[in-house]
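J.: Questions regarding the structure given below will be posed in turn.
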Amino acid sequence: MSDAPQPPIELTLPAADVAAALGIAEPELREAMRRGVVYQVTEIGSGPDAGTARVTFRYRAREARLIIDLATARAIAPKPAAAARP
């Protein structure tokens, strides 16, 4: 396996899917994104998780993770919204 840097991956997810995963209305998500208070981390799978990405969204005390199939750019395993741990 090479340690060469991988090219960046660009994902565009439907706001409705992200809002539903966070348990909020889409207009609230869009406003929070406009204000810059929705945070997101993307992790690219390797080994048995190759071909997928885990995208974690955080907003206030909420956190949601979506597992994305990189071949189709579709969520394959949304995790329900949960309160963030202190």
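The values are calculated or read from the model by the stated rules, or taken from the named source; none is laboratory data. This structure is a prediction, so every number in the text was calculated from the model and none was measured. So basically every Cβ, Gly included, is an ideal-geometry build from the backbone, and we count neighbours across all protein chains shown.
J.: If ALA21 satisfies every condition in (1) farther than 16 Å from ARG74 by Cβ; (2) under 12 Å from the mean Cα position of the chain (by Cα) but one, which is the exception?
T.: Of everything listed in (1) farther than 16 Å from ARG74 by Cβ; (2) under 12 Å from the mean Cα position of the chain (by Cα), ALA21 misses just condition (1).
J.: Only one of ALA77, ALA73, ALA61, ALA20 is exposed (fewer than 15 other Cβ atoms within 10 Å of the Cβ) and modelled with pLDDT of 90 or more. Can you tell me which?
T.: Testing whether each residue is exposed (fewer than 15 other Cβ atoms within 10 Å of the Cβ) and modelled with pLDDT of 90 or more leaves just ALA61.
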